[in-house]
Ligand SMILES: Cc1cc2nc3c(=O)[nH]c(=O)nc-3n(C[C@H](O)[C@H](O)[C@H](O)COP(=O)(O)OP(=O)(O)OC[C@H]3O[C@@H](n4cnc5c(N)ncnc54)[C@H](O)[C@@H]3O)c2cc1C
């Protein structure tokens, strides 16, 4: 198996998954492979499908809850597919799925292009951010994406235009096509002013530092905000700030963040998310929808 997989890209074995997600949880991955180009990636997926081997796609692991239990398959990352380039003439940025969204956002300012300032504090890859339509401050990533290149269910490389991409608040067409792989995206930006963009970024960064527990491992907001309300407000109203299960704790700073206080297990995070959800439902009648994804759970 090892020698088979090695042909598709750099392969690591017995990898501690804690280094691959921002909650710093998860067990040991038997195989973790990071192809360097789309041909190897397609051949890898083809090989895995033919051999009935399950696989899990990891971005930067900043919106997922991994399982500590062993997973009988292969983890795939895009960390070797992270190239990007700007085109000043048509005000676009092209980025491979493994590029960090915040890097594209910051770099666009060097080219005096505006639009992605909101994304500077989002610690995800381009692929993971498009999958979940990451957003902040009333903006979302898919508003700025003109094209996405994917590998579809037939293993064809297909380019989807903006109009093909149905999306909404923290959701996208990719959530209902889990077998599609995002390879790259083109962002459509507009002419901006460097200083003005930097001011916006500074303001957003200050707001994050003031309101989010960035000093602890987490995966950002746990639940989507219900229409016209805030998940954090409801959780706080239920007196859950500071509530702990094992090493997992509802942040005192932001009630919609669950933090790993040092030794949280996957089960601790899972149980605390469930407890918060059920308590809010019982006490307020609001059925909060989870924003984070459970990956590798049966
Ligand atoms: C401190 C902090 C602050 C945050 N703030 C925000 C915020 O303001 N707004 C916001 O929206 N989010 C926020 N997040 C959550 C997270 O950063 C975003 O959702 C991010 O876009 C997830 O990207 P990722 O690369 O980490 O994806 P991952 O968490 O690795 O993966 C998420 C999903 O995408 C899938 N996926 C990843 N790459 C691909 C690909 N190439 N093709 C197909 N599927 C893929 C994975 O399989 C998984 O199902 C925050 C997180 C943290 C820790």
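Since every read-out is calculated from the coordinates, none of them should be taken as a lab result. Small disclaimer: the values here were computed from a predicted structure and weren't measured. No Cβ is skipped: glycine too gets one built from the backbone with ideal geometry, and neighbour counts run over all protein chains shown.
Within the range 57-73, the set of residues being within 16 Å of the ligand (Cβ to nearest atom) and either buried (at least 17 other Cβ atoms within 10 Å of the Cβ) or under 19 Å from residue 221 (Cβ atoms) (or both) comprises 57, 58, 59, 60, 61, 62, 63, 64, 65, 66, 67, 71.
If the condition is being buried (at least 22 other Cβ atoms within 10 Å of the Cβ) and within 17 Å of residue 69 (Cα to Cα), then the range 241-265 contributes only 264.
Out of the residues in the range 119-146 that are out of contact with any helix residue (DSSP H, G or I) (no Cβ under 7 Å at 6 or more places or on another chain) and not in a loop (DSSP other than H, G, I, E, B), which is farthest from residue 171 (Cα to Cα)? For the range 119-146, the residue satisfying everything is 144. Consider the range 74-95 and keep the residues that are within 16 Å of the chain's Cα centre (by Cα) and assigned to a strand (DSSP E or B). The one that is surrounded by the fewest Cβ atoms within 10 Å (Cβ to Cβ) is 76. Within 30 Å of residue 290 (Cβ to Cβ) and not in a strand (DSSP E or B), is that true of residue 105? It is true that residue 105 is within 30 Å of residue 290 (Cβ to Cβ) and not in a strand (DSSP E or B). Of everything in the range 1-23 that is closer than 25 Å to residue 65 by Cα and in contact (Cβ under 8 Å) with a residue 60 or more places away in the chain, the residue that is surrounded by the most Cβ atoms within 10 Å (Cβ to Cβ) is 23.
The rows are residues; the columns are (1) in contact with a strand residue (DSSP E or B) (Cβ under 9 Å, 6 or more places away or on another chain); (2) not in a helix (DSSP H, G or I).
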position	(1), (2)
214	no, yes
255	no, yes
275	yes, no
288	yes, yes
